[in-house]
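Single-structure report; data block below.
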Amino acid sequence: MKRQKLTDFQKMGHSEWLINRLQNYCLARRMKYSEKRLMVAIKLAEIDRKVEAEELWILLKKDGYPISIASVYLNLGVLVDAGICAAERLTQRQALYFVPATA
């Protein structure tokens, strides 16, 4: 049986991998590294399924994290551009977001 190489995501655990990936992405683009971006990424990875932005926002609010729906959409766009999460378009205005298993 062929042994499969572990990805950085599997070796580090999703939180550490997400932090490193997001910090490097923001640094390379001279963007602000924010707690909101990190919380959106971590929550999305914790959910471990495809969700719409609105559902993710509700889950963050239930956890007591103060974030606007606009910030969720903005940060999901950044996370998709960074390759941290992916978007599966349902319609022109709707998408499901998720952290790919092979991230």
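Nothing in this text is a laboratory measurement; each read-out follows from the coordinates by a stated rule. Just so it is clear, the model here is predicted, and its values are computed rather than measured. Cβ sites come from the backbone with ideal geometry, for glycine too, and all protein chains shown count toward neighbours.
Here are a few things to note about the model shown:
- Residues whose amide H lies under 5 Å from that of residue 95, counting only those 5 or more places away or on a different chain, are 53, 90; hydrogens are built 1.01 Å from N in the peptide plane.
- Rounded FRET efficiency, nearest 0.05, which uses the C-beta distance separating residue 16 from residue 69 and R0 of 35 Å: 0.80
- Put a plus charge on the Cβ of each Lys and Arg, a minus charge on the Cβ of each Asp and Glu, and nothing anywhere else: the dipole of region 8-98 about its Cα centre is then about 280 debye.
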